[in-house]
1. Scan LEU256, LEU326 and give me the residue that is modelled with pLDDT of 95 or more and out of contact with any Ser or Thr (no Cβ under 6 Å at 6 or more places or on another chain).
2. Out of curiosity, is VAL275 under 16 Å from GLY249 (Cα atoms), out of contact with any strand residue (DSSP E or B) (no Cβ under 7 Å at 6 or more places or on another chain) and among the hydrophobic types (A, V, I, L, M, F, W, C)?
3. Could you list all residues from segment 109-134 that are open to solvent by 10 Å² or more (accessible area, probe 1.4 Å) and within 10 Å of the chain's Cα centre (by Cα)?
4. Quick one: PHE262 ticks every box in (1) modelled with pLDDT under 85; (2) closer than 23 Å to LEU132 by Cβ except a single one, so which number is it?
5. For PRO269, only one of the following conditions fails: (1) in a helix (DSSP H, G or I); (2) buried (at least 18 other Cβ atoms within 10 Å of the Cβ). What is its number?
6. What are the residues in segment 212-243 that are open to solvent by less than 50 Å² (accessible area, probe 1.4 Å), touching a helix residue (DSSP H, G or I) at 6+ places or on another chain (Cβ under 7 Å), outside any loop (DSSP other than H, G, I, E, B) and under 22 Å from SER168 (Cβ atoms), if any?
7. Give the number of residues within segment 89-108 that are surrounded by fewer than 17 Cβ atoms within 10 Å (Cβ to Cβ) and in contact with a Ser or Thr (Cβ under 6 Å, 6 or more places away or on another chain).
8. For segment 289-303, enumerate the residues that are open to solvent by less than 40 Å² (accessible area, probe 1.4 Å) and assigned to a helix (DSSP H, G or I).
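The values are calculated or read from the model by the stated rules, or taken from the named source; none is laboratory data. Keep in mind that this is a model prediction, so the values were computed, not measured. All Cβ positions, even for glycine, are placed from backbone atoms using ideal geometry, and neighbour counts span all protein chains on display. Just so you know, the surface numbers come from the protein's heavy atoms only, side chains and all, with ligands and any DNA or RNA stripped out. Shrake-Rupley method; radii C 1.70, N 1.55, O 1.52, S 1.80 Å.
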Amino acid sequence: MASISSTLLLNSRLVLPLRFPKFSGFSSPSPFARSCRFGHRNLESLSNGILSPGNRADGAMAATSMQGVVTEAMNLIQSASPTWKSAVANNLLIFVLGSPLLVTGLSASGIAAAFLLGTLTWRAYGSAGFLLVAAYFVIGTAATKVKMSEKEAQGVAEKKKGRRGPRSVIGSSAAGCVCAFLSIYQVGGAAFSQLFRLGFVSSFCTKVSDTVSSEIGKAYGKTTYLATTLKIVPRGTEGAMSVEGTLAGLLASFFLASVGCFLGQITPPEAAVCVLASQIANLGESIIGASFQDKEGFKWLNNDVVNVINISLGSIVAILMQQFILQNWVK
(Lines give C-alpha, C1' and ligand atoms only; values in the text may rest on other atoms or scores of the structure.)
Protein backbone atom coordinates (compact mmCIF):
# COMPACT_ATOMS: atom_id res chain seq x y z
CA MET A 1 0.00 0.00 0.00
CA ALA A 2 2.93 2.34 0.59
CA SER A 3 4.00 2.03 -3.04
CA ILE A 4 0.42 2.60 -4.17
CA SER A 5 0.12 5.75 -2.07
CA SER A 6 3.43 7.18 -3.20
CA THR A 7 2.73 6.48 -6.87
CA LEU A 8 -0.77 7.97 -6.64
CA LEU A 9 0.65 11.06 -4.93
CA LEU A 10 3.23 11.44 -7.69
CA ASN A 11 0.60 11.09 -10.38
CA SER A 12 -1.75 13.52 -8.61
CA ARG A 13 1.00 16.14 -8.42
CA LEU A 14 1.47 15.78 -12.13
CA VAL A 15 -2.15 15.74 -13.22
CA LEU A 16 -4.14 17.77 -10.70
CA PRO A 17 -2.77 21.15 -11.81
CA LEU A 18 -4.01 20.48 -15.35
CA ARG A 19 -7.21 21.85 -16.81
CA PHE A 20 -10.54 20.72 -15.39
CA PRO A 21 -13.74 21.53 -17.29
CA LYS A 22 -15.59 23.28 -14.46
CA PHE A 23 -12.78 24.46 -12.22
CA SER A 24 -10.64 27.54 -12.74
CA GLY A 25 -8.65 27.60 -9.52
CA PHE A 26 -5.58 25.83 -10.86
CA SER A 27 -3.85 29.00 -12.02
CA SER A 28 -0.41 28.40 -10.50
CA PRO A 29 2.22 26.61 -12.54
CA SER A 30 2.31 22.84 -12.09
CA PRO A 31 5.19 21.18 -10.20
CA PHE A 32 6.25 19.62 -13.50
CA ALA A 33 6.41 23.06 -15.15
CA ARG A 34 8.38 24.49 -12.22
CA SER A 35 10.80 21.59 -12.29
CA CYS A 36 11.27 22.10 -16.02
CA ARG A 37 12.15 25.76 -15.50
CA PHE A 38 14.47 24.78 -12.65
CA GLY A 39 16.13 22.23 -14.90
CA HIS A 40 16.61 24.83 -17.63
CA ARG A 41 18.28 27.23 -15.19
CA ASN A 42 20.62 24.42 -14.18
CA LEU A 43 21.49 23.82 -17.82
CA GLU A 44 22.28 27.51 -18.28
CA SER A 45 24.38 27.52 -15.10
CA LEU A 46 26.25 24.46 -16.32
CA SER A 47 26.97 26.01 -19.68
CA ASN A 48 28.15 29.30 -18.14
CA GLY A 49 30.16 27.95 -15.21
CA ILE A 50 31.59 24.62 -16.26
CA LEU A 51 31.85 24.50 -20.04
CA SER A 52 34.89 26.06 -21.66
CA PRO A 53 34.36 29.33 -23.58
CA GLY A 54 34.68 27.51 -26.87
CA ASN A 55 31.80 25.15 -25.99
CA ARG A 56 29.45 27.65 -24.37
CA ALA A 57 27.69 28.35 -27.64
CA ASP A 58 26.99 24.64 -28.12
CA GLY A 59 25.80 24.39 -24.52
CA ALA A 60 23.48 27.37 -24.97
CA MET A 61 22.06 25.83 -28.15
CA ALA A 62 21.48 22.53 -26.34
CA ALA A 63 19.74 24.30 -23.48
CA THR A 64 17.58 26.24 -25.94
CA SER A 65 16.70 23.02 -27.73
CA MET A 66 15.81 21.34 -24.42
CA GLN A 67 13.62 24.30 -23.49
CA GLY A 68 11.80 23.94 -26.81
CA VAL A 69 11.10 20.25 -26.14
CA VAL A 70 9.89 21.00 -22.62
CA THR A 71 7.68 23.85 -23.84
CA GLU A 72 6.11 21.62 -26.48
CA ALA A 73 5.48 18.88 -23.89
CA MET A 74 3.86 21.33 -21.50
CA ASN A 75 1.67 22.73 -24.28
CA LEU A 76 0.44 19.19 -24.97
CA ILE A 77 -0.18 18.40 -21.31
CA GLN A 78 -2.04 21.64 -20.62
CA SER A 79 -3.93 21.69 -23.91
CA ALA A 80 -7.28 23.44 -23.36
CA SER A 81 -8.99 21.16 -25.85
CA PRO A 82 -7.74 17.55 -25.71
CA THR A 83 -6.51 16.14 -29.01
CA TRP A 84 -5.35 12.65 -29.94
CA LYS A 85 -1.77 13.93 -29.91
CA SER A 86 -2.01 15.42 -26.42
CA ALA A 87 -3.91 12.36 -25.17
CA VAL A 88 -1.14 9.99 -26.29
CA ALA A 89 1.61 12.26 -24.88
CA ASN A 90 -0.09 12.69 -21.49
CA ASN A 91 -0.97 9.02 -21.24
CA LEU A 92 2.56 7.89 -22.11
CA LEU A 93 4.13 10.19 -19.52
CA ILE A 94 1.76 9.11 -16.76
CA PHE A 95 2.07 5.41 -17.62
CA VAL A 96 5.86 5.65 -17.37
CA LEU A 97 5.67 7.38 -13.98
CA GLY A 98 2.96 5.03 -12.73
CA SER A 99 4.53 1.80 -14.04
CA PRO A 100 5.35 0.45 -10.51
CA LEU A 101 1.64 0.54 -9.70
CA LEU A 102 0.44 -0.69 -13.09
CA VAL A 103 2.49 -3.90 -12.97
CA THR A 104 0.90 -4.86 -9.65
CA GLY A 105 -2.58 -4.94 -11.15
CA LEU A 106 -2.12 -5.66 -14.86
CA SER A 107 -0.27 -8.09 -17.09
CA ALA A 108 1.88 -6.73 -19.95
CA SER A 109 -0.97 -7.14 -22.44
CA GLY A 110 -3.36 -5.69 -19.85
CA ILE A 111 -1.18 -2.58 -19.61
CA ALA A 112 -1.34 -2.22 -23.41
CA ALA A 113 -5.14 -2.41 -23.29
CA ALA A 114 -5.22 0.06 -20.41
CA PHE A 115 -3.03 2.45 -22.40
CA LEU A 116 -5.61 2.47 -25.19
CA LEU A 117 -8.36 3.06 -22.62
CA GLY A 118 -6.40 5.91 -21.01
CA THR A 119 -5.73 7.57 -24.36
CA LEU A 120 -9.39 7.35 -25.35
CA THR A 121 -10.50 8.66 -21.97
CA TRP A 122 -8.14 11.65 -22.08
CA ARG A 123 -9.21 12.48 -25.62
CA ALA A 124 -12.89 12.42 -24.64
CA TYR A 125 -12.87 13.96 -21.15
CA GLY A 126 -9.40 15.37 -20.56
CA SER A 127 -7.41 14.99 -17.36
CA ALA A 128 -10.55 14.87 -15.20
CA GLY A 129 -11.87 11.77 -16.96
CA PHE A 130 -8.43 10.17 -16.83
CA LEU A 131 -8.18 10.76 -13.07
CA LEU A 132 -11.58 9.14 -12.56
CA VAL A 133 -10.43 5.97 -14.33
CA ALA A 134 -7.12 6.07 -12.43
CA ALA A 135 -9.03 6.24 -9.13
CA TYR A 136 -11.12 3.25 -10.19
CA PHE A 137 -7.97 1.27 -11.01
CA VAL A 138 -6.27 2.06 -7.69
CA ILE A 139 -9.36 1.16 -5.63
CA GLY A 140 -10.03 -2.02 -7.59
CA THR A 141 -6.40 -3.16 -7.41
CA ALA A 142 -6.19 -2.49 -3.67
CA ALA A 143 -9.40 -4.43 -3.01
CA THR A 144 -8.17 -7.37 -5.10
CA LYS A 145 -4.97 -7.59 -3.03
CA VAL A 146 -6.82 -7.69 0.32
CA LYS A 147 -6.15 -11.06 2.04
CA MET A 148 -4.84 -12.46 -1.23
CA SER A 149 -3.08 -15.43 0.39
CA GLU A 150 -6.23 -16.45 2.28
CA LYS A 151 -8.38 -16.14 -0.84
CA GLU A 152 -5.87 -18.21 -2.77
CA ALA A 153 -5.97 -20.90 -0.10
CA GLN A 154 -9.76 -21.02 -0.39
CA GLY A 155 -9.60 -21.10 -4.19
CA VAL A 156 -11.61 -17.90 -4.67
CA ALA A 157 -8.81 -15.45 -5.52
CA GLU A 158 -8.36 -13.86 -8.93
CA LYS A 159 -5.85 -15.67 -11.10
CA LYS A 160 -2.24 -14.48 -11.49
CA LYS A 161 -2.26 -12.64 -8.14
CA GLY A 162 -5.04 -10.39 -9.40
CA ARG A 163 -3.05 -9.11 -12.38
CA ARG A 164 -5.69 -8.66 -15.06
CA GLY A 165 -5.26 -9.17 -18.77
CA PRO A 166 -6.69 -7.35 -21.82
CA ARG A 167 -10.02 -9.21 -21.81
CA SER A 168 -10.63 -8.13 -18.24
CA VAL A 169 -9.68 -4.52 -19.03
CA ILE A 170 -11.99 -4.44 -22.05
CA GLY A 171 -14.78 -6.20 -20.19
CA SER A 172 -14.55 -3.65 -17.39
CA SER A 173 -14.45 -0.58 -19.63
CA ALA A 174 -16.50 -1.44 -22.74
CA ALA A 175 -19.47 0.75 -21.82
CA GLY A 176 -17.22 3.64 -20.83
CA CYS A 177 -15.33 3.35 -24.13
CA VAL A 178 -18.60 3.50 -26.08
CA CYS A 179 -19.65 6.63 -24.18
CA ALA A 180 -16.22 8.18 -24.80
CA PHE A 181 -16.39 7.50 -28.55
CA LEU A 182 -19.89 8.97 -28.76
CA SER A 183 -18.68 12.08 -26.91
CA ILE A 184 -15.58 12.51 -29.09
CA TYR A 185 -17.58 12.42 -32.31
CA GLN A 186 -20.45 14.45 -30.80
CA VAL A 187 -23.15 11.95 -31.66
CA GLY A 188 -26.50 13.57 -30.96
CA GLY A 189 -24.94 17.00 -30.47
CA ALA A 190 -24.67 18.96 -27.24
CA ALA A 191 -28.00 17.62 -25.96
CA PHE A 192 -26.50 14.13 -25.56
CA SER A 193 -23.03 15.17 -24.44
CA GLN A 194 -23.76 15.18 -20.70
CA LEU A 195 -25.76 11.96 -20.99
CA PHE A 196 -22.74 10.17 -22.42
CA ARG A 197 -20.55 11.67 -19.70
CA LEU A 198 -23.02 10.44 -17.07
CA GLY A 199 -23.01 6.97 -18.64
CA PHE A 200 -19.21 6.98 -18.62
CA VAL A 201 -18.98 7.82 -14.91
CA SER A 202 -21.78 5.41 -13.99
CA SER A 203 -20.08 2.52 -15.79
CA PHE A 204 -16.96 2.87 -13.64
CA CYS A 205 -19.00 3.42 -10.46
CA THR A 206 -20.74 0.16 -11.29
CA LYS A 207 -17.53 -1.72 -11.93
CA VAL A 208 -15.70 -0.44 -8.86
CA SER A 209 -18.70 -1.38 -6.73
CA ASP A 210 -18.80 -4.86 -8.28
CA THR A 211 -15.05 -5.42 -7.80
CA VAL A 212 -14.93 -4.15 -4.22
CA SER A 213 -18.08 -5.98 -3.12
CA SER A 214 -16.77 -9.24 -4.58
CA GLU A 215 -13.23 -8.97 -3.18
CA ILE A 216 -14.21 -7.69 0.27
CA GLY A 217 -17.01 -10.24 0.43
CA LYS A 218 -14.50 -13.04 -0.26
CA ALA A 219 -12.13 -11.65 2.37
CA TYR A 220 -14.50 -10.64 5.17
CA GLY A 221 -17.97 -11.92 4.32
CA LYS A 222 -19.20 -14.07 7.21
CA THR A 223 -22.25 -15.38 5.39
CA THR A 224 -22.90 -15.33 1.64
CA TYR A 225 -26.34 -15.68 0.12
CA LEU A 226 -27.41 -16.63 -3.39
CA ALA A 227 -29.07 -13.61 -5.01
CA THR A 228 -32.01 -15.59 -6.44
CA THR A 229 -32.99 -17.74 -3.44
CA LEU A 230 -31.12 -16.20 -0.47
CA LYS A 231 -29.80 -19.68 0.23
CA ILE A 232 -26.50 -19.74 2.14
CA VAL A 233 -23.68 -20.74 -0.21
CA PRO A 234 -19.86 -20.86 0.00
CA ARG A 235 -17.76 -17.74 -0.66
CA GLY A 236 -16.91 -17.22 -4.30
CA THR A 237 -20.10 -18.85 -5.61
CA GLU A 238 -21.38 -17.15 -8.79
CA GLY A 239 -24.22 -14.82 -7.87
CA ALA A 240 -23.45 -14.88 -4.15
CA MET A 241 -23.71 -11.75 -2.01
CA SER A 242 -22.68 -10.82 1.52
CA VAL A 243 -23.64 -7.92 3.77
CA GLU A 244 -19.98 -6.92 4.24
CA GLY A 245 -19.24 -7.00 0.52
CA THR A 246 -22.41 -5.16 -0.44
CA LEU A 247 -21.72 -2.32 2.01
CA ALA A 248 -18.11 -2.05 0.85
CA GLY A 249 -19.25 -1.93 -2.79
CA LEU A 250 -21.78 0.78 -1.97
CA LEU A 251 -19.12 2.90 -0.28
CA ALA A 252 -16.72 2.41 -3.20
CA SER A 253 -19.39 3.51 -5.66
CA PHE A 254 -20.23 6.54 -3.52
CA PHE A 255 -16.56 7.51 -3.31
CA LEU A 256 -15.96 7.26 -7.06
CA ALA A 257 -19.17 9.18 -7.83
CA SER A 258 -17.97 11.89 -5.42
CA VAL A 259 -14.65 12.00 -7.27
CA GLY A 260 -16.54 12.43 -10.54
CA CYS A 261 -18.57 15.23 -9.00
CA PHE A 262 -15.48 16.97 -7.59
CA LEU A 263 -13.75 16.78 -10.97
CA GLY A 264 -16.73 18.43 -12.65
CA GLN A 265 -17.81 15.40 -14.67
CA ILE A 266 -21.25 15.11 -13.06
CA THR A 267 -23.50 17.12 -10.74
CA PRO A 268 -24.36 16.05 -7.15
CA PRO A 269 -27.82 14.74 -8.18
CA GLU A 270 -26.18 12.82 -11.03
CA ALA A 271 -23.68 11.37 -8.53
CA ALA A 272 -26.61 10.00 -6.53
CA VAL A 273 -28.01 8.54 -9.75
CA CYS A 274 -24.67 6.81 -10.46
CA VAL A 275 -24.61 5.21 -7.01
CA LEU A 276 -28.19 3.96 -7.28
CA ALA A 277 -27.71 2.72 -10.84
CA SER A 278 -24.56 0.84 -9.83
CA GLN A 279 -26.41 -1.06 -7.11
CA ILE A 280 -29.26 -1.95 -9.45
CA ALA A 281 -26.78 -3.17 -12.06
CA ASN A 282 -24.82 -5.22 -9.53
CA LEU A 283 -27.97 -6.88 -8.24
CA GLY A 284 -28.85 -7.70 -11.85
CA GLU A 285 -25.38 -9.15 -12.39
CA SER A 286 -25.72 -11.34 -9.29
CA ILE A 287 -29.06 -12.65 -10.54
CA ILE A 288 -27.57 -13.40 -13.97
CA GLY A 289 -24.60 -15.14 -12.37
CA ALA A 290 -26.75 -17.25 -10.08
CA SER A 291 -29.26 -18.16 -12.80
CA PHE A 292 -27.16 -18.75 -15.89
CA GLN A 293 -23.39 -18.64 -15.37
CA ASP A 294 -21.69 -22.06 -15.52
CA LYS A 295 -25.02 -23.64 -16.46
CA GLU A 296 -25.57 -25.95 -19.42
CA GLY A 297 -26.04 -23.94 -22.62
CA PHE A 298 -24.46 -20.81 -21.11
CA LYS A 299 -20.77 -21.73 -21.11
CA TRP A 300 -20.12 -18.62 -23.22
CA LEU A 301 -21.33 -16.48 -20.30
CA ASN A 302 -17.93 -16.05 -18.64
CA ASN A 303 -16.84 -13.31 -16.24
CA ASP A 304 -15.75 -10.95 -19.01
CA VAL A 305 -19.13 -11.17 -20.77
CA VAL A 306 -20.95 -10.69 -17.47
CA ASN A 307 -18.77 -7.64 -16.77
CA VAL A 308 -19.81 -6.07 -20.08
CA ILE A 309 -23.49 -6.71 -19.25
CA ASN A 310 -23.00 -5.31 -15.76
CA ILE A 311 -21.36 -2.00 -16.68
CA SER A 312 -23.63 -1.53 -19.69
CA LEU A 313 -26.62 -1.94 -17.42
CA GLY A 314 -25.13 0.60 -15.00
CA SER A 315 -24.70 3.15 -17.79
CA ILE A 316 -28.15 2.59 -19.29
CA VAL A 317 -29.96 2.72 -15.95
CA ALA A 318 -28.21 5.98 -15.01
CA ILE A 319 -29.11 7.62 -18.33
CA LEU A 320 -32.73 6.48 -18.08
CA MET A 321 -32.99 7.72 -14.50
CA GLN A 322 -31.57 11.09 -15.51
CA GLN A 323 -34.06 11.43 -18.35
CA PHE A 324 -37.23 10.16 -16.71
CA ILE A 325 -36.72 10.86 -13.01
CA LEU A 326 -34.02 13.44 -12.33
CA GLN A 327 -34.98 15.74 -15.21
CA ASN A 328 -38.64 15.82 -14.15
CA TRP A 329 -37.66 16.26 -10.50
CA VAL A 330 -35.49 19.27 -11.33
CA LYS A 331 -38.34 20.83 -13.29
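1. Just a single option satisfies the conditions, and that option is LEU256.
2. Criteria met by VAL275.
3. ALA114, LEU117, PHE130, LEU131, VAL133, ALA134
4. (1)
5. In the conditions (1) in a helix (DSSP H, G or I); (2) buried (at least 18 other Cβ atoms within 10 Å of the Cβ), PRO269 misses (2) alone.
6. Residues satisfying the conditions are VAL212, SER213, SER214, GLU215, ILE216, GLY217, LYS218, ALA219.
7. Counting residues in segment 89-108 that are surrounded by fewer than 17 Cβ atoms within 10 Å (Cβ to Cβ) and in contact with a Ser or Thr (Cβ under 6 Å, 6 or more places away or on another chain) gives 1.
8. Those that are open to solvent by less than 40 Å² (accessible area, probe 1.4 Å) and assigned to a helix (DSSP H, G or I): GLY289, ALA290.
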